[in-house]
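Everything below concerns the one structure shown next.
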Amino acid sequence: MKKYMVPILIGILGLVLADWYLITTAVHGYQEKIEILCVMIEEQEQGTDSLLTVTRLLKGLEEPAGKLGRERLESYGFLKQQDNRFRRELKSSVLGILGISVALFGLYLLSLYWVSRKWNDCRRRELREVSQILNRFSDDIFEMEAQERLDGKDTEMERIKGQLADLSEQLRYSQERLQEEREETRSLVTDISHQLKTPVAGVKACFEILNQENLSEEEEKEFLDQCGKQLQGLENLTGALVNISRMETGMIQIRREAADILETLVQAVNRVYLKADKKQIAIEFEESEDLAATVIPHDVKWVCEAFINILENAVKYSPEHTEIRIRMMRRVTFLRIEFEDQGIGIPKAEYHKVFQRFYRGKAQEVDMEEGSGVGLYLTRQILERHGGSITVSSRYERTQQRGSTFVVQIPYQP
């Protein structure tokens, strides 16, 4: 009821002012009629032309007199008793004004009630729509129908609907992202369990055999060596998983510093030199231009780790007495580094797969080598954090395997 008080008071005030003006006008008209009548009576008794006087009076050319006429009317009782035709017309006009005012005020109240009811119905409908939207949100349904969206009106409810539309988009995106993370987590758990299954089973089998009492000293040594290799594989896998976890959760912060990329590459070569030398694989630099001082903002530790992963794969899957060639070339906005080996090669269908987490090729040579399939994945993550990229191409044939070329591109200003 309180919300109606202001409109009602405004309506009452408006009607009072209108009635006051109309009644005042009616009274003023009554008074003018009496004055004209008094003047006519006075002029009549004085023997002058009353019509001329009244005409001048109506034109406002002289001040009204009529004192004698007023006294004459009072003597007959017309003004004293206020019982005359003009007075009755005045009363009728005043009553008519008041009646119309009451009727108009009633219509005003009815229209106010109708508008208020329509507004309340509209507001209840809008609140019901908002309630339905929130109920769907609670049921993880983050879609808004077309009629629930904005209709172009700049109202408070439309602004709320706009905010709900934005919220629905954010919640829908969060839901999709959460679903993707669940799928990634499920895939990660599956991949980890698969990667752990083989070395754990190998260690378990070795210990079961070692528990037998009829093994020779040479056999025990052989199985102990196998246990050591399996444990080393577990250690390498654990380290790789830790790095992946830290990288994906943002625990590893890439800190770019201006440093010579050639020195970083030399560090990586030195780390894999012993493995390459064991297989008599030569690592050669092919400098087609002056790259003695190529300073690029990069994280030396992690870019070196990326190079090591590429070189270790090249050494692992290349036969003995081959070579790995490294070429560095300047481009307009980035530095291109190519790692070309003479290994088993990669089928074209696996070009993108080799950079996936835990993926290992289907070739028989791949199964014969130790590995977890996370090195190239981690390399891609590191280079992408630097604004760079890595791709691969290969001269792979069924009858002849002639190696692969990994291409790394690092921008000068990532």
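The values are calculated or read from the model by the stated rules, or taken from the named source; none is laboratory data. All of these numbers come straight from a predicted model, not from anything done at the bench. As a convention, Cβ positions derive from the backbone with ideal geometry for all residues, glycine included, and neighbour counts pool all protein chains shown. Keep in mind that these areas ignore ligands, DNA and RNA; they rest on the heavy atoms of the full protein, side chains included. Shrake-Rupley method; radii C 1.70, N 1.55, O 1.52, S 1.80 Å.
Check Q163 against each of (1) farther than 27 Å from R357 by Cβ; (2) modelled with pLDDT under 70; (3) open to solvent by 60 Å² or more (accessible area, probe 1.4 Å) and name the one condition it does not meet.
Condition not satisfied by Q163: (2).
Might you check whether a residue that is in contact with a helix residue (DSSP H, G or I) (Cβ under 7 Å, 6 or more places away or on another chain) and at pLDDT below 85 occurs anywhere in the range 373-382? Can you show your working first?
First pass over the range 373-382, keeping only residues in contact with a helix residue (DSSP H, G or I) (Cβ under 7 Å, 6 or more places away or on another chain): 374-382.
Remaining after also requiring at pLDDT below 85: 374-375.
Looking through the range 373-382, at least one residue is in contact with a helix residue (DSSP H, G or I) (Cβ under 7 Å, 6 or more places away or on another chain) and at pLDDT below 85.
Can you name the residue in the range 271-295 that is modelled with pLDDT under 90 and closer than 24 Å to Q381 by Cα and is also surrounded by the most Cβ atoms within 10 Å (Cβ to Cβ) among such residues?
Per the stated criteria, the residue is T294.
What number of residues within the range 13-45 are charged (D, E, K, R), at pLDDT 70 or above and over 16 Å from I100 (Cα atoms)? Reasoning before the result, please.
Applying the first criterion (charged (D, E, K, R)) to the range 13-45 yields 19, 32-33, 35, 42-43, 45.
So of that shortlist, the ones also at pLDDT 70 or above come out as 19, 32-33, 35.
If we keep only those that are over 16 Å from I100 (Cα atoms) too, we end up with 32-33, 35.
Qualifying residue count, the range 13-45: 3.
Quick one: V115 ticks every box in (1) among the β-branched types (V, I, T); (2) farther than 30 Å from P7 by Cα; (3) modelled with pLDDT of 80 or more except a single one, so which number is it?
That leaves (2) as the condition not met.
Pick from the range 303-335 the residues that are open to solvent by 60 Å² or more (accessible area, probe 1.4 Å) and closer than 20 Å to G387 by Cα: which of them is nearest to the chain's Cα centre (by Cα)?
Here the residue is T333.
Taking the conditions exactly as written (at pLDDT below 85 and under 19 Å from T264 (Cα atoms)), does Q413 satisfy them or not?
Numbers: at pLDDT below 85: yes; under 19 Å from T264 (Cα atoms): yes.
Yes.
Given the criterion modelled with pLDDT of 75 or more, under 50 Å from the mean Cα position of the chain (by Cα) and loosely packed, with under 14 Cβ neighbours inside 10 Å, identify the matching residue among E218, E181, E208, E235.
Values: E218 fails: under 50 Å from the mean Cα position of the chain (by Cα); E181 fails: modelled with pLDDT of 75 or more; E208 fails: under 50 Å from the mean Cα position of the chain (by Cα).
So the residue among E218, E181, E208, E235 that is modelled with pLDDT of 75 or more, under 50 Å from the mean Cα position of the chain (by Cα) and loosely packed, with under 14 Cβ neighbours inside 10 Å is E235.
Output the qualifying pairs, or none if there are none: Cβ atoms under 8 angstrom, residues six or more apart or on different chains, first residue in the range 120-134 and free of Cβ contacts under 8 Å to residues at least 60 places away in the same chain and open to solvent by less than 40 Å² (accessible area, probe 1.4 Å), second residue part of a helix (DSSP H, G or I) and of a type in the set (S, T, N, Q).
I133/S168
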